[in-house]
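A short worksheet on the structure shown next.
The values are calculated or read from the model by the stated rules, or taken from the named source; none is laboratory data. None of the values given here were measured: they were computed from a predicted structure. Every residue, glycine as well, gets a Cβ built from its backbone with ideal geometry; the counts of neighbours run over all protein chains shown.
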Amino acid sequence: MPARPSWRKSPETAAGVRQVSGAPHGAAPLVSVIVPSLDGERNGNLQRLLADLAGQTLTDIELLVVQGVRPNGRARNVGAVRARGRYLVFIDDDVRLGHRDVLANLVHALVDDPSLGLVGPSQLPPPDASRFQRAVARQLPRMRFPVVDRTTDTDMVTHMCLAVAAQLWRQVGGEHDDLVRGTDPDLRERVRAAGRRVAVVPDSWAYHPPPASLPSLIRSAWCGGRGAAWVRRHHPELAFDVPEGPFVGRAPVRRPAYRLARLGARLLLAALRGRFLLLVSDLAYAAGYASLRLARNEPAPEQLA
(Lines give C-alpha, C1' and ligand atoms only; values in the text may rest on other atoms or scores of the structure.)
Protein backbone atom coordinates (compact mmCIF):
# COMPACT_ATOMS: atom_id res chain seq x y z
CA MET A 1 0.00 0.00 0.00
CA PRO A 2 1.37 3.46 -0.85
CA ALA A 3 2.19 5.98 1.82
CA ARG A 4 -0.83 7.93 3.00
CA PRO A 5 -1.30 11.03 0.79
CA SER A 6 -1.30 14.47 2.36
CA TRP A 7 -5.09 14.71 2.13
CA ARG A 8 -5.53 11.60 4.28
CA LYS A 9 -5.59 12.88 7.87
CA SER A 10 -7.85 10.43 9.67
CA PRO A 11 -6.17 7.85 11.90
CA GLU A 12 -6.03 4.29 10.67
CA THR A 13 -8.91 3.23 12.91
CA ALA A 14 -12.33 1.73 12.38
CA ALA A 15 -13.97 3.57 15.28
CA GLY A 16 -17.58 4.39 14.44
CA VAL A 17 -17.99 1.40 12.09
CA ARG A 18 -20.87 -1.02 12.70
CA GLN A 19 -20.77 -4.36 10.93
CA VAL A 20 -24.32 -5.20 9.88
CA SER A 21 -23.61 -8.50 8.13
CA GLY A 22 -20.67 -10.66 7.16
CA ALA A 23 -18.33 -12.50 9.48
CA PRO A 24 -15.68 -10.22 11.03
CA HIS A 25 -13.14 -13.04 10.87
CA GLY A 26 -12.41 -15.87 8.48
CA ALA A 27 -12.37 -15.71 4.70
CA ALA A 28 -12.52 -12.21 3.26
CA PRO A 29 -15.71 -11.37 1.35
CA LEU A 30 -15.73 -10.49 -2.31
CA VAL A 31 -17.37 -7.12 -1.67
CA SER A 32 -17.42 -4.66 1.23
CA VAL A 33 -20.41 -2.30 1.12
CA ILE A 34 -19.75 0.91 3.08
CA VAL A 35 -22.63 3.21 3.99
CA PRO A 36 -21.78 6.51 5.73
CA SER A 37 -24.71 7.60 7.91
CA LEU A 38 -24.40 10.54 10.24
CA ASP A 39 -27.24 9.54 12.58
CA GLY A 40 -27.59 5.86 11.67
CA GLU A 41 -31.19 6.37 10.55
CA ARG A 42 -31.67 8.94 7.75
CA ASN A 43 -35.37 9.19 8.57
CA GLY A 44 -35.75 5.43 8.40
CA ASN A 45 -34.20 5.04 4.95
CA LEU A 46 -31.04 3.36 6.22
CA GLN A 47 -33.00 0.28 7.30
CA ARG A 48 -34.76 0.16 3.94
CA LEU A 49 -31.42 0.40 2.15
CA LEU A 50 -29.98 -2.38 4.31
CA ALA A 51 -32.99 -4.52 3.39
CA ASP A 52 -32.28 -3.83 -0.29
CA LEU A 53 -28.67 -4.91 0.23
CA ALA A 54 -29.67 -8.06 2.13
CA GLY A 55 -31.87 -9.04 -0.82
CA GLN A 56 -29.17 -8.73 -3.49
CA THR A 57 -28.33 -11.77 -5.61
CA LEU A 58 -24.64 -11.16 -4.90
CA THR A 59 -24.32 -12.55 -1.39
CA ASP A 60 -20.56 -12.71 -0.77
CA ILE A 61 -20.58 -9.31 0.91
CA GLU A 62 -20.10 -7.56 4.22
CA LEU A 63 -22.18 -4.52 5.14
CA LEU A 64 -20.49 -1.74 7.12
CA VAL A 65 -22.27 1.36 8.43
CA VAL A 66 -20.05 4.29 9.44
CA GLN A 67 -21.96 6.42 11.93
CA GLY A 68 -21.22 9.86 13.34
CA VAL A 69 -18.18 10.62 11.16
CA ARG A 70 -17.97 13.69 8.92
CA PRO A 71 -17.15 14.90 6.32
CA ASN A 72 -18.37 11.98 4.24
CA GLY A 73 -14.98 11.41 2.61
CA ARG A 74 -13.49 10.80 6.04
CA ALA A 75 -16.37 8.45 6.86
CA ARG A 76 -15.59 6.39 3.77
CA ASN A 77 -11.91 6.23 4.70
CA VAL A 78 -12.83 5.06 8.19
CA GLY A 79 -15.07 2.35 6.74
CA ALA A 80 -12.39 1.24 4.31
CA VAL A 81 -9.99 0.60 7.21
CA ARG A 82 -12.37 -2.11 8.41
CA ALA A 83 -13.31 -3.40 4.95
CA ARG A 84 -11.86 -6.74 3.86
CA GLY A 85 -13.48 -7.12 0.45
CA ARG A 86 -11.69 -7.26 -2.88
CA TYR A 87 -14.15 -4.64 -4.12
CA LEU A 88 -15.56 -1.63 -2.30
CA VAL A 89 -19.07 -0.31 -2.86
CA PHE A 90 -19.95 3.07 -1.35
CA ILE A 91 -23.63 4.00 -1.03
CA ASP A 92 -25.23 7.10 0.50
CA ASP A 93 -27.77 6.41 3.23
CA ASP A 94 -30.65 8.17 1.42
CA VAL A 95 -30.45 5.82 -1.59
CA ARG A 96 -32.55 2.79 -2.56
CA LEU A 97 -31.40 0.13 -5.01
CA GLY A 98 -33.48 -0.41 -8.14
CA HIS A 99 -33.45 -4.23 -8.19
CA ARG A 100 -31.74 -7.32 -6.80
CA ASP A 101 -28.90 -7.46 -9.34
CA VAL A 102 -27.43 -3.99 -8.89
CA LEU A 103 -24.40 -5.09 -6.86
CA ALA A 104 -23.77 -8.08 -9.12
CA ASN A 105 -23.88 -5.87 -12.21
CA LEU A 106 -21.43 -3.38 -10.71
CA VAL A 107 -18.91 -6.00 -9.63
CA HIS A 108 -19.20 -8.08 -12.81
CA ALA A 109 -18.45 -4.97 -14.87
CA LEU A 110 -15.19 -4.44 -12.97
CA VAL A 111 -14.26 -8.12 -13.21
CA ASP A 112 -15.02 -8.40 -16.93
CA ASP A 113 -13.33 -5.18 -18.09
CA PRO A 114 -9.98 -4.27 -16.48
CA SER A 115 -10.07 -0.83 -18.14
CA LEU A 116 -12.90 0.22 -15.81
CA GLY A 117 -11.95 1.95 -12.58
CA LEU A 118 -15.17 3.39 -11.16
CA VAL A 119 -18.62 2.12 -12.04
CA GLY A 120 -22.08 3.04 -10.84
CA PRO A 121 -25.77 2.61 -11.65
CA SER A 122 -28.04 5.12 -13.34
CA GLN A 123 -29.67 7.68 -11.03
CA LEU A 124 -33.45 8.08 -10.93
CA PRO A 125 -35.95 9.85 -8.67
CA PRO A 126 -37.79 7.37 -6.40
CA PRO A 127 -41.05 5.89 -7.74
CA ASP A 128 -42.93 7.62 -4.92
CA ALA A 129 -41.31 11.02 -5.55
CA SER A 130 -43.68 13.94 -5.09
CA ARG A 131 -44.64 16.37 -7.85
CA PHE A 132 -42.22 18.85 -6.29
CA GLN A 133 -39.35 16.35 -6.34
CA ARG A 134 -40.04 15.43 -9.96
CA ALA A 135 -40.06 19.11 -10.87
CA VAL A 136 -36.69 19.54 -9.14
CA ALA A 137 -35.30 16.57 -11.07
CA ARG A 138 -36.49 18.12 -14.35
CA GLN A 139 -35.23 21.64 -13.71
CA LEU A 140 -31.92 21.12 -11.91
CA PRO A 141 -28.93 19.59 -13.68
CA ARG A 142 -27.35 16.28 -12.68
CA MET A 143 -30.38 15.06 -10.74
CA ARG A 144 -30.90 11.98 -12.89
CA PHE A 145 -29.24 9.82 -15.51
CA PRO A 146 -31.24 7.45 -17.75
CA VAL A 147 -30.90 3.69 -17.62
CA VAL A 148 -28.51 2.50 -20.34
CA ASP A 149 -28.26 -0.76 -22.27
CA ARG A 150 -24.47 -0.74 -22.56
CA THR A 151 -21.51 0.38 -20.45
CA THR A 152 -21.47 4.16 -20.84
CA ASP A 153 -18.48 6.36 -20.06
CA THR A 154 -19.73 9.39 -18.14
CA ASP A 155 -18.98 11.46 -15.07
CA MET A 156 -22.42 10.62 -13.65
CA VAL A 157 -20.80 8.04 -11.39
CA THR A 158 -21.11 9.44 -7.90
CA HIS A 159 -20.96 8.38 -4.28
CA MET A 160 -24.70 7.94 -4.45
CA CYS A 161 -23.62 4.41 -5.36
CA LEU A 162 -20.30 3.38 -6.87
CA ALA A 163 -17.97 0.40 -6.96
CA VAL A 164 -14.20 0.29 -7.20
CA ALA A 165 -11.52 -2.36 -6.73
CA ALA A 166 -10.06 -1.98 -3.24
CA GLN A 167 -6.52 -2.12 -4.64
CA LEU A 168 -7.20 0.74 -7.06
CA TRP A 169 -8.97 2.79 -4.38
CA ARG A 170 -5.91 2.53 -2.15
CA GLN A 171 -3.56 3.15 -5.08
CA VAL A 172 -5.19 6.53 -5.82
CA GLY A 173 -5.14 7.45 -2.13
CA GLY A 174 -8.71 6.82 -1.00
CA GLU A 175 -10.94 9.76 -0.20
CA HIS A 176 -10.02 13.31 0.76
CA ASP A 177 -10.47 13.56 4.53
CA ASP A 178 -11.62 17.15 4.95
CA LEU A 179 -13.18 17.99 1.59
CA VAL A 180 -16.68 19.23 2.45
CA ARG A 181 -17.84 19.30 -1.17
CA GLY A 182 -16.65 17.81 -4.44
CA THR A 183 -15.57 14.32 -3.38
CA ASP A 184 -17.19 12.94 -6.55
CA PRO A 185 -15.11 14.84 -9.14
CA ASP A 186 -12.01 14.53 -6.94
CA LEU A 187 -12.18 10.74 -6.94
CA ARG A 188 -13.13 10.55 -10.62
CA GLU A 189 -10.17 12.75 -11.58
CA ARG A 190 -7.69 10.61 -9.67
CA VAL A 191 -9.08 7.37 -11.08
CA ARG A 192 -8.87 8.75 -14.62
CA ALA A 193 -5.33 10.00 -13.93
CA ALA A 194 -4.48 6.39 -13.05
CA GLY A 195 -5.53 5.40 -16.57
CA ARG A 196 -8.92 3.89 -15.74
CA ARG A 197 -12.37 4.62 -17.11
CA VAL A 198 -15.42 5.87 -15.23
CA ALA A 199 -18.73 4.46 -16.44
CA VAL A 200 -22.37 3.70 -15.69
CA VAL A 201 -23.21 0.02 -16.14
CA PRO A 202 -26.20 -1.25 -18.14
CA ASP A 203 -29.59 -2.29 -16.78
CA SER A 204 -28.82 -0.95 -13.31
CA TRP A 205 -30.28 1.96 -11.39
CA ALA A 206 -30.64 3.40 -7.91
CA TYR A 207 -33.14 5.88 -6.54
CA HIS A 208 -31.83 9.14 -5.12
CA PRO A 209 -34.44 11.59 -3.82
CA PRO A 210 -34.30 15.27 -4.81
CA PRO A 211 -35.11 17.80 -2.06
CA ALA A 212 -38.68 17.26 -0.89
CA SER A 213 -39.71 20.89 -0.29
CA LEU A 214 -38.76 24.42 -1.21
CA PRO A 215 -37.07 25.06 2.18
CA SER A 216 -35.04 21.86 1.83
CA LEU A 217 -34.03 22.83 -1.72
CA ILE A 218 -32.89 26.25 -0.51
CA ARG A 219 -31.03 24.73 2.43
CA SER A 220 -29.28 22.18 0.22
CA ALA A 221 -28.19 24.83 -2.29
CA TRP A 222 -27.09 27.22 0.48
CA CYS A 223 -24.94 24.51 2.07
CA GLY A 224 -23.55 23.60 -1.35
CA GLY A 225 -22.52 27.19 -1.95
CA ARG A 226 -20.82 27.42 1.44
CA GLY A 227 -19.02 24.16 0.77
CA ALA A 228 -17.86 25.39 -2.64
CA ALA A 229 -16.49 28.58 -1.07
CA TRP A 230 -14.58 26.53 1.51
CA VAL A 231 -13.05 24.34 -1.21
CA ARG A 232 -12.09 27.41 -3.27
CA ARG A 233 -10.31 28.90 -0.24
CA HIS A 234 -8.53 25.81 1.05
CA HIS A 235 -8.15 23.53 -1.99
CA PRO A 236 -8.45 25.72 -5.12
CA GLU A 237 -6.86 22.97 -7.19
CA LEU A 238 -9.91 20.80 -6.39
CA ALA A 239 -12.55 23.41 -7.27
CA PHE A 240 -13.59 21.47 -10.35
CA ASP A 241 -16.09 23.05 -12.70
CA VAL A 242 -18.44 20.15 -13.38
CA PRO A 243 -20.62 20.79 -16.46
CA GLU A 244 -24.38 20.78 -16.09
CA GLY A 245 -24.90 17.62 -18.12
CA PRO A 246 -23.05 14.30 -18.21
CA PHE A 247 -19.72 14.36 -19.99
CA VAL A 248 -16.63 12.25 -20.48
CA GLY A 249 -13.19 13.54 -19.60
CA ARG A 250 -11.32 15.63 -17.10
CA ALA A 251 -13.24 18.38 -15.30
CA PRO A 252 -11.53 21.79 -15.57
CA VAL A 253 -10.74 24.19 -12.74
CA ARG A 254 -12.08 27.63 -13.71
CA ARG A 255 -11.35 31.08 -12.37
CA PRO A 256 -13.99 32.50 -10.01
CA ALA A 257 -14.73 35.33 -12.47
CA TYR A 258 -15.64 32.82 -15.18
CA ARG A 259 -17.95 30.89 -12.89
CA LEU A 260 -19.58 34.08 -11.64
CA ALA A 261 -20.30 35.19 -15.21
CA ARG A 262 -21.72 31.79 -16.06
CA LEU A 263 -23.92 31.86 -12.97
CA GLY A 264 -25.30 35.22 -14.04
CA ALA A 265 -26.10 33.85 -17.49
CA ARG A 266 -27.74 30.78 -16.00
CA LEU A 267 -29.89 32.89 -13.69
CA LEU A 268 -31.05 34.95 -16.65
CA LEU A 269 -31.87 31.87 -18.72
CA ALA A 270 -33.69 30.24 -15.80
CA ALA A 271 -35.85 33.35 -15.41
CA LEU A 272 -36.59 33.58 -19.14
CA ARG A 273 -37.48 29.90 -19.38
CA GLY A 274 -39.63 29.88 -16.27
CA ARG A 275 -37.41 27.42 -14.40
CA PHE A 276 -38.31 28.82 -11.00
CA LEU A 277 -36.75 26.03 -8.95
CA LEU A 278 -33.41 26.33 -10.73
CA LEU A 279 -33.51 30.09 -10.23
CA VAL A 280 -34.17 29.75 -6.50
CA SER A 281 -31.52 27.04 -6.13
CA ASP A 282 -28.84 29.09 -7.91
CA LEU A 283 -29.66 32.21 -5.87
CA ALA A 284 -29.42 30.23 -2.63
CA TYR A 285 -26.13 28.69 -3.79
CA ALA A 286 -24.71 32.14 -4.57
CA ALA A 287 -25.86 33.49 -1.20
CA GLY A 288 -24.27 30.56 0.62
CA TYR A 289 -21.02 31.03 -1.29
CA ALA A 290 -20.92 34.74 -0.49
CA SER A 291 -21.75 34.18 3.17
CA LEU A 292 -18.69 32.00 3.71
CA ARG A 293 -16.37 34.13 1.61
CA LEU A 294 -17.33 37.18 3.69
CA ALA A 295 -17.40 35.43 7.07
CA ARG A 296 -14.84 36.54 9.65
CA ASN A 297 -14.96 33.31 11.62
CA GLU A 298 -14.94 30.31 9.34
CA PRO A 299 -16.59 27.12 10.66
CA ALA A 300 -14.65 23.87 10.82
CA PRO A 301 -15.09 21.41 7.93
CA GLU A 302 -17.14 19.12 10.17
CA GLN A 303 -19.68 21.91 10.63
CA LEU A 304 -20.04 22.46 6.89
CA ALA A 305 -20.40 18.81 5.89
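Could you please tell me which pairs satisfy a Cβ distance under 7 Å, a separation of 6+ or placement on different chains, a first residue in the stretch 216-238 that is part of a helix (DSSP H, G or I), and a second residue that is polar (S, T, N, Q)?
Here the result reads 217/281; 221/281; 226/291, each pair linking the stretch 216-238 to a residue that is polar (S, T, N, Q).
At pLDDT 95 or above and in a helix (DSSP H, G or I), is that true of residue 136?
Answer is yes for this residue.
Looking at the stretch 245-279, which of its residues are crowded, with 17+ Cβ neighbours inside 10 Å and more than 30 Å from residue 117 (Cα to Cα)?
Result: 270, 275, 277, 278, 279.
Could you go through the stretch 170-180 and let me know if any residue there is under 21 Å from residue 123 (Cα atoms), crowded, with 21+ Cβ neighbours inside 10 Å and not aliphatic (A, V, I, L, M).
no
Residues of the stretch 132-153 being on the phi > 0 side of the Ramachandran plot and more than 13 Å from the chain's Cα centre (by Cα), which ones?
First, the residues of the stretch 132-153 that are on the phi > 0 side of the Ramachandran plot: 142.
Result: no residue meets the conditions.
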